[in-house]
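Novice: A single structure is presented below for examination.
The values are calculated or read from the model by the stated rules, or taken from the named source; none is laboratory data. Values in this document were obtained by computation on a predicted structure and should not be read as measured data. Quick reminder, even Gly has a Cβ in these numbers, built from the backbone with ideal geometry, and neighbours come from all protein chains shown.
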Amino acid sequence: MKCRLCGSENLYLFYQQGNNNQFDFYRCRSCNLVNYDLQGGIDQKKYTDTFVDPSFHFHKQYKGQEKTFEFISRHIPQPGGLLDIGCGNGSLLLIARDHGWKVTGMELSNFYANELGRRYGIKVITANFLDYFPSPEEKYDLVTLRHVLEHLPDPISAMQRISSLLREGGIALLEFPNIDGAEARFRRFLAKTRLHRRNYKEDYFPGHCHEFSEKPFRLLCDMTGFRVILWETYSSKTILNGLNRLMKTGSKARALIQKRSAPV
Ligand SMILES: [Zn+2]
C-alpha cells in the first residue's frame, strides 16, 4: 500500500477499528498522514451526512458555526464573497450575511437549497464540489470546508477544486479532526492497552479515508498551491480546551490557507 498523499511505501499499521480489528489504518513514515485501507470498505452514507444535517432548525450545531464565524472575522476583518461547501442548514451563511458577507452555499441536497432560498433568499448551488467546474467569473474571496476533507479518498483533487473556486490570493478555511490531538492519543492508548474496548455496531464501517495532523496538511497545501496562514487546534467539549490550544493538541484542527498567486 502507498501513501495517498506523498506516494511513499513506508507505512506502518497505526491502529485498527472494528470488533475484529478488521479495519486497518496505516501511518506514513514520510509525511505522517494516516491512510485508511479502503479495501475494508467505507461508509458512504456518513459522507453524505456531513453534507446534510437532518434538522433544519438552529440547535447545538449553531454554537460551532458561531465559533467558526468568530474565527473568520478575527482573521479576515473585511467581508467579501463567501462560499460554504456543505452548508447544511445554512447557519454559517446566515451569521456571515448579518456581518456583511455576500454568501453562497453548496449542498448535495435539493431540500436545503430550496429551503434556504425560500426562507432566507440565500443562493445555494446544488452540486458535489468535486464535480463542480465554475465559470471563470465565479470566484470567491473565502471558501469554507468543514469536516469534509477527511471523508474524501482524493484530498489532492479536492484542494484543486477549492483552488478553482478562489480568486488569486483568496482564502480557504478548513476544519477536520486532528489525529495527533490529546483525545485521539488517549483513545489509542486505551485501545492498545486494552483498558477500554470500543463496541462497534454490526454494520459499522469507517467514514474517514484519512486522518490529518499538521505535517501532512501542510504538505497537502504545498502540493496544491496553498500557503498556510494559520493552523490551530480546538476541542468542542473538553474543559482543557485552552491548554489543548496552547499545546496544539485539540481534537480538531482549523486552518486558514491562502491560494498562491503564481502557479507552483
Ligand atoms: Zn505520506
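Novice: Among the residues of segment 174-182, are any touching a strand residue (DSSP E or B) at 6+ places or on another chain (Cβ under 8 Å), of a type in the set (A, V, I, L, M, F, W, C) and within 15 Å of Gln17 (Cα to Cα)?
Specialist: The answer is yes, given that some residue of segment 174-182 is touching a strand residue (DSSP E or B) at 6+ places or on another chain (Cβ under 8 Å), of a type in the set (A, V, I, L, M, F, W, C) and within 15 Å of Gln17 (Cα to Cα).
Novice: Run Asn19 past the list (1) near the ligand (Cβ under 10 Å from one of its atoms); (2) touching a residue at least 60 places away in the same chain (Cβ under 8 Å); (3) surrounded by fewer than 14 Cβ atoms within 10 Å (Cβ to Cβ) and report the number of the one that doesn't hold.
Specialist: All conditions are met except number (1).
Novice: Cβ contacts < 7 Å: first residue aliphatic (A, V, I, L, M), restricted to segment 119-133; second residue surrounded by fewer than 15 Cβ atoms within 10 Å (Cβ to Cβ), any location; separation 6+ or different chain. Result?
Specialist: Sorted first by the residue in segment 119-133, then by its partner, the pairs are Val124/Gly117; Leu130/Ser157.
Novice: I've got another one for you. Confirm whether Glu138 is over 25 Å from Leu219 (Cα atoms), touching a helix residue (DSSP H, G or I) at 6+ places or on another chain (Cβ under 9 Å) and of a type in the set (Asp, Glu).
Specialist: yes
Novice: Oh, and also: Can Leu5 be described as modelled with pLDDT of 90 or more, within 18 Å of Pro155 (Cα to Cα), within 14 Å of the ligand (Cβ to nearest atom) and of a type outside the set (Val, Ile, Thr)?
Specialist: So Leu5 fits the description; yes.
Novice: Within segment 184-216, count every residue that is of a type in the set (Asp, Glu) and under 24 Å from Ile257 (Cβ atoms).
Specialist: 2
Novice: Please work out which one of (1) touching a Ser or Thr at 6+ places or on another chain (Cβ under 8 Å); (2) buried (at least 19 other Cβ atoms within 10 Å of the Cβ) is the condition Arg161 fails and give its number.
Specialist: With (1) touching a Ser or Thr at 6+ places or on another chain (Cβ under 8 Å); (2) buried (at least 19 other Cβ atoms within 10 Å of the Cβ) applied to Arg161, the lone miss is (1).
Novice: So, of the residues in segment 103-122 that are charged (D, E, K, R) and surrounded by 14 or more Cβ atoms within 10 Å (Cβ to Cβ), which turns out to be modelled with the highest pLDDT?
Specialist: In this case the residue turns out to be Glu107.
Novice: Still on this structure, please answer the following. Of the residues Pro206, Pro216, which single one is in contact with a Cys (Cβ under 8 Å, 6 or more places away or on another chain) and either more than 16 Å from the ligand (Cβ to nearest atom) or under 29 Å from Phe133 (Cα atoms) (or both)?
Specialist: Only one candidate passes the filter, namely Pro216.
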